[in-house]
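*Asks:* Let me begin by handing over the structure; questions about it come next.
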Amino acid sequence: MENKIEKQQSVVLKEDHEMDFRTKEAYKTLRANLEFAGDDIKVIAVTSCTPNEGKSSISMNLAKAIAESGKKVILIDADLRKSVLVGRYKTGAVKYGLTHYLSGQKTFNEVYCNTNIKNLYVAFSGPVPPNPSELLGGKYFDSMIKSLRSVFDYVIIDTPPLGSVIDSAIVSKQCDGSVIVIASNEISYKFAQKVKEQLEVAECRILGCVLNKVNISQKSYYGKYYGKYYGKYYGNDYEK
């Protein structure tokens with residue numbers, strides 16, 4: 001892959017829903033925390049313990065938040081077994097995906113997409129291969145990461161749940177750090193600890209956890225806390 005950005009496939013990313021003020025601020029905070037992790041943190045894996053914890057949504061919205069700050073970012077959909085990004089976030093046809101590149105059928109410039117969001121690029125997963133772990137651990141993936149480091153400010157990689165398959169640990173070996181997404185009140189402490197240990201075995205720096213699907217209604221603990229916090233600092237109209 002050449003060290004330049006070439007417009008190839010193009011997609012229009014859909015908004016799955018309008019985010020409220022608190023959610024937007026949460027993504028900005030996550031972006032800021034990653035920036036303060038150090039300038040050596042460029043390639044970041046996002047994983048979870050189980051499916052449906054929201055890691056793909058967080059990967060996409062984090063990439064958008066970074067792009068909005070003026071940084072060039074590419075989102076790599078490395079969930080080769082059961083990707084949800086294609087169906088959820090794009091309109092229009094994507095002819096080639098990551099598996100076409102990892103299997104040696106296409107160059108990376110042919111599989112990544114230019115988007116309607118300035119500074120944001122996406123490589124969707126492509127068709128489900130018979131050997132996802134082997135492809136993610138192969139020479140093409142290694143070469144891709146090395147090249148992307150010289151082109152983009154950040155590389156966000158959406159990986160499969162580490163509690164289900166080993167793919168995420170394989171990808172994490174090539175990354176500068178990882179973020180674990182945990183759904184509130186759905187994952188046990190022991191399960192989360194096991195996923196943490198698997199990342200440590202892969203020698204991937206754990207940057208932190210994102211607690212997702214938190215109940216922020218006014219009756220909940222988080223609702224009372226954040227309601228008081230945002231009301232104090234942003235006034236009573238913060239929810240608007």
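*Asks:* Between LEU211 and LYS196, what is the spin-label point distance in nm, taking each point 7 Å from the Cα along the Cα→C-beta axis?
*Replies:* Here the answer is 1.4 nm between the modelled labels.
*Asks:* For a quick check: sort TYR112, TYR27, TYR154 by the number of other beta carbons within 10 angstrom, fewest at the front.
*Replies:* Going from sparsest to densest Cβ surroundings: TYR27, TYR154, TYR112.
*Asks:* For TYR189 and LYS28, FRET efficiency with R0 = 22 Å and r from the beta-carbon atoms, rounded to 0.05?
*Replies:* Using R0 = 22 Å, I get an efficiency of 0.15.
*Asks:* Identify the residues of the range 104-133 with backbone N under 20 Å of a label point that sits 7 angstrom from the Cα of VAL12 along the Cα-to-Cβ direction, or state none.
*Replies:* 113-124, by backbone N distance to the label point.
*Asks:* Calculate the spin-label point distance for ARG81 paired with ASN114, positioning each point 7 Å from the Cα along the beta-carbon direction, and give it in nanometres.
*Replies:* Here the modelled spin labels are 3.6 nm apart.
*Asks:* Same structure again: Please tell me which of these pairs span more than 22 angstrom C-alpha to C-alpha: LYS95/LYS146; LYS14/LYS64; LYS24/LYS173?
*Replies:* LYS95/LYS146; LYS24/LYS173
*Asks:* Just to verify a number: FRET efficiency for ASN52 and LYS95, C-beta to C-beta distance, R0 = 25 Å, to 0.05?
*Replies:* It comes out at approximately 0.30.
Just so you know, all these numbers are worked out from the coordinates, no wet-lab data involved. Nothing here was measured: the structure is a model prediction, and the numbers come from that model. Heads up, the Cβs are rebuilt from the backbone with ideal geometry, glycines too, and the neighbour counts pull from every protein chain shown.
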